[in-house]
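Right, one structure below, let's go through it.
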Amino acid sequence: MNDELRELYQQVILDHNKSPRNFRVIEHANHHSEGYNPLCGDRIDVFIDVEEGIVKDISFQGSGCAISKASASLMSSTVKGKTVDEAEKLFEKFHSLITGKADGDPEELGKLAVFAGVRDFPARVKCASLAWHTMINALKKEKDVVTTE
Amino acid sequence: MNLKTVSPKNKIDTYDVEKIRRDFPVLLQKVHGQKLCYLDNAATTQKPRSVIDAVSRYYETINSNVHRGVHSLSEMATQAYEDSRTTVKNFINAASEKEIIFTRGTTEAINLVAHSYGKINLKEGDEVLITNMEHHSNIVPWQLICEEKNAKLKVVPVNNDGELIFEEFEKQLNERTKIVSVVYVSNSLGTINPVKKIIDKAHSFGIPVLLDGAQAIQHLKIDVQELDCDFFAFSGHKIYGPTGIGVLYGREKLLESMPPYMGGGDMISKVTFEKTTYNELPHKFEAGTPHISGAIGLAEALRYINKIGIKKISAYEKEILNYAASSLLQVNGLKVIGQAKEKSSVISFVFDNIHPHDVGTFLDFEGIAVRTGHHCTQPLMDRFNIPATTRASFALYNTKEEVDILVNGLKKVLEVFN
């Protein structure tokens, strides 16, 4: 396999694609959003249970390419247990990594660092970020409700 | 029996694909260090040297505006532009140049008909009939005008093989149907629709038919008078011509009855602030400075096709399609979407556990260009309950060797994912 391609499709990504973590529905989740990539027709549902500002549980459902599925899977396992603020900050760092704006701190990003190869494939940035955008949107929705109450 | 036409050896003798390939400079390129294997022809085709040269020559020698200058260059440009119209007219055997309107492409041609024909012919409760396999460009223009007029957009379903269910088409035709707009060849599945039957049936109700010919013009012999269609739309770039130029053929009587689509220069005969009289056909529908070099490039592309012969091209592409269909059977788990009996050289396929985008990225590294996604036919993807497919579409310059490269590339993808 070509090096650039191997960098994109790392073993961790292939593994999460094959057996995605948290690939389920959370009944009665207090946050939910649907993400859609009109370019490729991929859809994703992200379910989040937030308790006292902490992501207690997070899951997803949907169809997508290996990059988008692995990204959703790794996102869910990374974010679980973190505060909402931490999750949002992590997205910013992840986004900088996949768009090549920053190398990213391996300690902060943990396993998410495997997505560094995406920067060489501009057409695939949306695949890697779809789950994250959907998660942020789901979290914001609840915030909106909170501020109006 | 004429042995010359049935002998496989003769087929090769009379169709020199290697010679044809040399006419297309882009095909000599390498991608990721591999020989380019361009199988995305349903999206756009590559351009032969003669087309590229014709466009350059226009800008180098006679570039000027058409239909208004008295100077020599303008006269030559006008002549070249109008000659291109005649070439198009002859290519599809229209009755007159008045029936050939240059547009930006198929999309603009369909929008023109939807808005102009729809404006005067659709009213509340009327129906427009399309099919489940339309490209978005033959859905959305009709949705827009139907919404405006409170008319209904009706859809003829397709069967599991990706063929139109003709009985359903017949059932849906009624006195409220004001136009039938149907794709000749499906861009996603390659299905060739029985358009002659569709036209005859619609005409028996007095209903005009628009054919979206974007995927037909480069593969099949088109004779609009024999088809008896009322409108025929196609794009130049899908038949080896430039982008940004397309054609709407319309029956003269219908075009005469329709109001202009856009207002501006060239489409008028006299303008005062009180009233404007419109120019005659086809200029009534060509507002503004047209894509002159595009029309010239398109005419050159049609001459290129004529030199080889569209029927010969058709037969050769059929051979490639059949070879691809049987070769792809060797790829484990590959499922072809669209098994119509009548097909043009398009093969769409899916794997259970590998997404088309991953397939596309891996193939790209083998130098293979295929299309992955919904191909602007989301309702059709929904019909087959899939988000997307990988699509290989073949043109007059593709070879059996390239089919083999595709098959090997797919086998490599399987090794990684399984």
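The values are calculated or read from the model by the stated rules, or taken from the named source; none is laboratory data. Fair warning: this is a prediction, and the values are worked out from it, not measured in the lab. In this analysis, Cβ positions are derived from the backbone assuming ideal geometry, glycine residues included, and neighbour counts consider all displayed protein chains.
Quick one: what pairs do we get from the range A:44-66, first residue among the aromatic types (Phe, Trp, Tyr), second in a loop (DSSP other than H, G, I, E, B), C-beta under 8 Å, 6+ apart or different chains?
A:Phe47/A:Val25; A:Phe47/A:Ile26; A:Phe47/A:Ala29; A:Phe60/A:Pro20; A:Phe60/A:Asn22
Being crowded, with 20+ Cβ neighbours inside 10 Å and in contact with a strand residue (DSSP E or B) (Cβ under 6 Å, 6 or more places away or on another chain) is the requirement here; does B:Thr103 meet it?
yes
Listed here are the residues, each with its yes/no results for (1) among the hydroxyl-bearing types (Ser, Thr, Tyr); (2) surrounded by fewer than 20 Cβ atoms within 10 Å (Cβ to Cβ); (3) in the same structural domain as B:Ser56 (by TED's automatic domain parsing).
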| residue | (1), (2), (3) |
| --- | --- |
| B:Phe234 | no, no, yes |
| B:Gly246 | no, no, yes |
| B:Leu254 | no, yes, yes |
| B:Ser257 | yes, yes, yes |
| B:Tyr261 | yes, no, yes |
| B:Phe273 | no, yes, yes |
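Quick check: anything in the range A:80-97 crowded, with 18+ Cβ neighbours inside 10 Å and basic (Lys, Arg)?
Scanning the range A:80-97, I find at least one residue that is crowded, with 18+ Cβ neighbours inside 10 Å and basic (Lys, Arg), so the answer is yes.
Please work out which residue is surrounded by the most Cβ atoms within 10 Å (Cβ to Cβ), limiting yourself to the range B:1-33 and to residues that are at pLDDT below 80 and of a type in the set (D, E, K, R).
Only one residue tops the list, namely B:Lys11.
Looking at the structure I just gave you, is B:Phe417 surrounded by fewer than 24 Cβ atoms within 10 Å (Cβ to Cβ), within 13 Å of another protein chain (Cβ to nearest Cβ) and at pLDDT below 95?
Judged against the criteria, B:Phe417 is a match.
If you go through the range A:90-111 one residue at a time, how many are touching a residue at least 40 places away in the same chain (Cβ under 8 Å) and charged (D, E, K, R)?
1
Would the range B:347-360 turn up any residue that is surrounded by 24 or more Cβ atoms within 10 Å (Cβ to Cβ) and within 21 Å of B:Gln215 (Cα to Cα)?
Taking every residue of the range B:347-360 in turn, at least one turns out to be surrounded by 24 or more Cβ atoms within 10 Å (Cβ to Cβ) and within 21 Å of B:Gln215 (Cα to Cα).
When you check A:Ile44 against the structure, is it among the β-branched types (Val, Ile, Thr), within 14 Å of chain B (Cβ to nearest Cβ) and surrounded by 22 or more Cβ atoms within 10 Å (Cβ to Cβ), yes or no?
yes
Consider the range B:109-159. How many of its residues are within 22 Å of the chain's Cα centre (by Cα) and farther than 28 Å from B:Pro282 by Cα?
Qualifying residue count, the range B:109-159: 7.
I'm checking my understanding of the structure. Among residues of the range A:12-41 that are over 14 Å from the mean Cα position of the chain (by Cα) and acidic (Asp, Glu), which one is nearest to the other protein chains (Cβ to nearest Cβ)?
By that ranking, first place goes to A:Asp15.
Yes/no per residue for (1) buried (at least 20 other Cβ atoms within 10 Å of the Cβ); (2) of a type outside the set (Ser, Thr, Tyr); (3) touching a Cys at 6+ places or on another chain (Cβ under 7 Å); (4) not in a strand (DSSP E or B):
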{"site": "B:Thr372", "(1), (2), (3), (4)": "yes, no, no, no"}
{"site": "B:His375", "(1), (2), (3), (4)": "yes, yes, no, yes"}
{"site": "B:Leu380", "(1), (2), (3), (4)": "yes, yes, no, yes"}
{"site": "B:Asn385", "(1), (2), (3), (4)": "no, yes, no, yes"}
{"site": "B:Arg391", "(1), (2), (3), (4)": "yes, yes, no, no"}
{"site": "B:Tyr397", "(1), (2), (3), (4)": "yes, no, no, yes"}
{"site": "B:Glu401", "(1), (2), (3), (4)": "no, yes, no, yes"}
{"site": "B:Asp404", "(1), (2), (3), (4)": "no, yes, no, yes"}
{"site": "B:Gly409", "(1), (2), (3), (4)": "yes, yes, no, yes"}
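Please work out if B:Asp228 is surrounded by fewer than 24 Cβ atoms within 10 Å (Cβ to Cβ) and either touching a residue at least 40 places away in the same chain (Cβ under 8 Å) or touching an Asp or Glu at 6+ places or on another chain (Cβ under 8 Å) (or both).
Yes; evaluated as a whole, the condition is true for this residue.
A quick yes/no check of all residues on (1) over 17 Å from B:Ala295 (Cα atoms); (2) of a type in the set (S, T, N, Q); (3) free of Cβ contacts under 8 Å to residues at least 12 places away in the same chain:
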position	(1), (2), (3)
B:Asn41	yes, yes, no
B:Thr45	no, yes, no
B:Ile92	no, no, no
B:Gly105	no, no, no
B:Asn111	yes, yes, no
B:Ile130	yes, no, no
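Go through the residues of the range A:122-130 one by one and say whether even a single one is buried (at least 18 other Cβ atoms within 10 Å of the Cβ), within 19 Å of A:Tyr9 (Cα to Cα), within 14 Å of another protein chain (Cβ to nearest Cβ) and β-branched (Val, Ile, Thr).
no
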